[in-house]
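Heads up: the structure comes next, in structure tokens.
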Amino acid sequence: MKYVSTRGDRTPRRFSEILLEGLAPDGGLYVPVEYPTVDASTLRRWRGLSYAELAVEVITLFVDDVPPEDLRRLVTSTYTEEVFGTREIVPLDRLEPGLFLEHLSNGPTLAFKDIALQLLGALFEYELGRRGRTLNILGATSGDTGSAAEYAMRGKRGITVFMLSPHGRMSPFQQAQMYSLADPNIHNLAVEGVFDDCQDIVKAVSNDLEFKALRNIGTVNSINAARLVAQVVYYVAGYLRATDDAPDDGREVSFAVPSGNFGNICAGHVARMMGLPIRRLVLATNENDVLDEFFRTGTYRVRTGAETHETSSPSMDISKASNLERFVFDLTGRDSDRTRALFTAGAGGQGSFTLAPEEFARIAEYGFVSGRSTHADRMTTIRDTADRCGTLVDTHTADGLLVARANLEPGVPMIVLETALPAKFSAAIVEATGREPERPAALRGIEDLPTRFTVLPVDVQAVKEYIASHV
Ligand SMILES: *Cc1c(COP(=O)(O)O)cnc(C)c1O
């Protein structure tokens with residue numbers, strides 16, 4: 001499989017090339033030249049495979065330049081019970097007739113991002129080793145993404161992580177999760193500012209092309225196409241498990257996905273384009289409803305910082321959705337001129353736009369529907385799901401569940417993707433239910449572990465000097 005940019009650069013690139021890159025040189029995102037296809041006989045063959053074996057099958061369709069035995073080893077050593085807590089890796093539970101919960105959050109940081117990032121860590125180490133290169137990953141986090149990246153890259157040869165976080169502003173659990181890591185290749189930099197300061201520093205360092213090249217600076221953001229590929233697997237796994245009672249492989253299911261940057265649900269779009277029988281992709285947002293507005297009206301309006309709300313499902317608090325361009329590329333019939341025009345339009349080239357009526361009319365053909373929820377909705381959904389189904393869900397999953405219920409159709413199983421465990425967001429759970437959520441055994445008492453981090457001022461130069469003296 002080769003990859004091209006959404007903005008017109010048609011140079012075909014191999015998987016290992018796009019693995020280590022973020023944006024394409026023309027500013028677009030990498031997409032497969034064409035989607036591989038799965039049909040009923042493929043699905044029949046895949047039934048009964050373990051998650052790791054299924055992952056090998058699916059990921060192989062997207063990778064053209066890693067020897068099969070190496071890819072198999074990297075994939076099967078990533079998706080293990082030891083790392084993901086269960087033999088099924090992504091267990092599927094029935095909440096009520098026709099409504100399922102697919103548990104994607106049993107990895108080391110208790111959120112779905114582990115599924116793609118754990119594999120990315122293994123692939124990075126392998127590819128850097130092949131090329132005799134090293135990579136210094138620079139990132140900013142308000143808690144979730146940074147910890148998933150650190151747990152994926154810890155102890156990996158050739159990789160060093162510099163993660164900026166706002167000093168004293170994360171929850172005690174999040175601080176403990178990141179700052180207790182003792183691996184010498186992980187550097188936690190606690191910046192004396194807010195998350196936006198951290199992000200601005202990362203941007204400033206990345207814009208210094210000379211420094212960036214000299215110090216081999218890279219990122220692990222959600223636009224990485226390899227993350228997308230890893231996420232396609234759990235859509236296939238969820239489909240196979242939800243239809244296992246009556247395995248007629250033409251049967252359709254729907255997925256509901258708590259969404260922020262459009263990374264998770266974009267993998268669902270890819271799975272559907274491949275031919276997986278997905279009826280609807282139900283996109284759920286919180287009060288930050290950029291994507292709900294887009295799918296309801298055809299208008300994509302990037303929000304300002306001041307318009308971005310801090311909510312109780314914080315990993316969905318986004319002002320723009322960096323993966324949406326991949327969907328719009330397909331929606332426009334893979335018209336890269338049109339895609340580039342849309343995403344570089346608007347005030348300051350921010351990429352706010354309105355689809356043409358005929359483009360908007362086609363959205364339904366791609367199965368997308370959407371909805372939003374509020375803090376009150378989340379609280380009610382968490383309480384109600386605990387009472388009626390005996391299952392505790394986190395605030396993000398609650399957003400997905402609310403919008404899923406509004407879009408149930410008779411005879412079509414609905415699979416809600418659980419994106420984090422309640423233990424990660426205990427204050428909101430206590431507010432909803434009056435009880436502390438249970439924490440996985442491995443993370444009990446984590447706040448008592450010794451921590452290791454370096455406090456730095458809000459100063460680009462100070463961060464550059466720290467990096468220069470630690471690579
Ligand atoms: C990242 C994240 C999301 C949003 O996923 P996108 O891929 O950005 O749409 C939702 N829930 C949780 C818990 C997350 O960590």
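The values are calculated or read from the model by the stated rules, or taken from the named source; none is laboratory data. The shown structure was predicted, so the numbers you read here are calculated from the model rather than taken from an experiment. So basically every Cβ, Gly included, is an ideal-geometry build from the backbone, and we count neighbours across all protein chains shown.
Things to note:
- Condition check for D337: modelled with pLDDT of 95 or more, among the acidic types (D, E) and crowded, with 17+ Cβ neighbours inside 10 Å: no
- Residues in segment 401-428 that are hydrophobic (A, V, I, L, M, F, W, C), part of a helix (DSSP H, G or I) and under 15 Å from Q174 (Cβ atoms): A423, F425, A427, A428.
- Tally of residues being in a loop (DSSP other than H, G, I, E, B) and touching a strand residue (DSSP E or B) at 6+ places or on another chain (Cβ under 6 Å) across segment 194-218: 3
- Filter pass, S352 being buried (at least 18 other Cβ atoms within 10 Å of the Cβ), modelled with pLDDT under 95 and in contact with a strand residue (DSSP E or B) (Cβ under 7 Å, 6 or more places away or on another chain): yes
- Of everything in segment 96-126 that is within 10 Å of the ligand (Cβ to nearest atom) and part of a loop (DSSP other than H, G, I, E, B), the residue that is nearest to the chain's Cα centre (by Cα) is F112.
- Condition check for L181: touching a residue at least 40 places away in the same chain (Cβ under 8 Å), in contact with an Asp or Glu (Cβ under 7 Å, 6 or more places away or on another chain) and hydrophobic (A, V, I, L, M, F, W, C): yes
- Residue list for segment 143-162, restricted to those being more than 13 Å from the ligand (Cβ to nearest atom) and charged (D, E, K, R): E150, R154, K156, R157
- Answer residue from segment 269-290, given it is outside any strand (DSSP E or B), within 15 Å of the ligand (Cβ to nearest atom) and touching a Lys or Arg at 6+ places or on another chain (Cβ under 9 Å) and is nearest to I363 (Cα to Cα) among those: H269
One line per residue, one yes/no per condition, for (1) within 16 Å of the ligand (Cβ to nearest atom); (2) within 27 Å of T141 (Cβ to Cβ); (3) out of contact with any Lys or Arg (no Cβ under 9 Å at 6 or more places or on another chain):
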| site | (1), (2), (3) |
| --- | --- |
| T311 | yes, yes, no |
| P314 | yes, yes, yes |
| N323 | yes, yes, yes |
| D335 | no, no, yes |
| R338 | no, no, yes |
| T344 | no, no, no |
| E358 | no, no, yes |
| A361 | no, no, yes |
| G390 | no, no, yes |
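- Cβ pairs under 7 Å, 6+ apart, first in segment 241-268 and in contact (Cβ under 8 Å) with a residue 12 or more places away in the chain and part of a loop (DSSP other than H, G, I, E, B), second away from the ligand (no atom under 16 Å from the Cβ) and polar (S, T, N, Q): R251/T243
- Of the criteria (1) within 23 Å of I223 (Cα to Cα); (2) free of Cβ contacts under 8 Å to residues at least 40 places away in the same chain, which one Y300 fails: (2)
- Of residues in segment 90-103 being in contact (Cβ under 8 Å) with a residue 40 or more places away in the chain and out of contact with any Lys or Arg (no Cβ under 9 Å at 6 or more places or on another chain), the one farthest from F124 (Cα to Cα): G98
- Among residues that are under 21 Å from G351 (Cα atoms), touching an Asp or Glu at 6+ places or on another chain (Cβ under 8 Å) and in contact (Cβ under 8 Å) with a residue 12 or more places away in the chain, G275 is not included.
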